[in-house]
Every structure is written in C-alpha cells, then in structure tokens.
Amino acid sequence: MIQITEAATAKIVGILANAPVPNSFLRVGVEEGGCSGLSYTLVVDEQQAEGDILLDKKEFGVLIHTNSIPYIEGLEIDYEESGMVGGFTMNNPNAKVSCGCGASFRMANYRGEVKKCD
C-alpha cells in the first residue's frame, strides 16, 4: 500500500517517541488544498477511527482512512536532510502534477480544490 524508507522510519520513530500520548500512530492522508489541488497530511494521532486501516510497520502503526487510499496507493515516504534543514518527501506514482515544494499534487482524473499555499 505505502512504503516508508529507513530514513523516514528513523525520523518517525523519534517523533512518536516524543508524542504526548504513548503508542501514538502516524496518520497519512490527503486533503483538499495546496497549489496543485490535493495536499498530503502526516500527523501524529492517538487513536484509530472508523474507516481507518492500520498498517503495522513493526516500529510503529500507520493509520490511513479508506477515503485517502485511491490517492496514495503506492506512495513512498522518505526523509531527506539538506544542510541545516530536513523534511519528508513524497514519491507518489498517482501524482500527475506536483507543486515545487512537493507538498501538493494533482491526479490525472481529479484535480482537487486549488488553494494558495501558506
């Protein structure tokens, strides 16, 4: 369904270790917005909700709501350091257009709701 590189796994493990609630999850999803129409969401979540799929990645659990699956099937999440900054990168085989920062995308059959990036 989705792949998470070793570099991203190490970063996520560190983030979750510092979460206020033990045994929190990484929630991966998609929402309307961004300069290309759809934006990725990566957040720490404390509990599974109705409609979520739980992926066991050994070191942590990943929650994905079933509504997001068509947009992120095959997604690879990586983490890259560049100088004094770093960040998660998304390699999505479903994306036909991505914005310059890589935070939003558009699919061939769905554009989403384009909104100015912050």
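Here are a few things to note about the model shown:
- Split the accessible area of the chain by element, probe 1.4 Å, and carbon with sulfur accounts for 49%.
- Once the 1.4 Å probe is applied to the protein heavy atoms, the chain comes out at 60 Å² accessible per residue.
- Unit charges on C-beta of K, R, D, E only; dipole of the chain, Debye: 360 debye
- Note on the chain: helix-only mean residue ellipticity at 222 nm, from DSSP H runs of 4+ residues weighted -39500 (n - 2.57) and normalised by residue number, equals -3500 deg cm²/dmol.
- Fraction of C-alpha pairs exceeding 24 angstrom in the chain: 26 percent, rounded to a whole number.
- In this simple spin-label model, placing a label point 7 Å from the Cα along the Cα-to-Cβ direction at both S82 and A7 gives a separation of 1.1 nm.
- Converting phi to 3J(HN,Hα) with the Karplus coefficients 6.51, -1.76 and 1.60 and the offset θ = phi - 60°, segment 48-62 yields 7, 10, 4, x, 8, 10, 9, 9, 8, 9, 6, 7, 6, x, 10 Hz in sequence order, with x at every glycine or proline.
The values are calculated or read from the model by the stated rules, or taken from the named source; none is laboratory data. None of these values were measured; they are calculated from a predicted model. Heads up, the Cβs are rebuilt from the backbone with ideal geometry, glycines too, and the neighbour counts pull from every protein chain shown. Remember, those area values only see protein heavy atoms, side chains included, never the ligands or the DNA or RNA. Shrake-Rupley method; radii C 1.70, N 1.55, O 1.52, S 1.80 Å.
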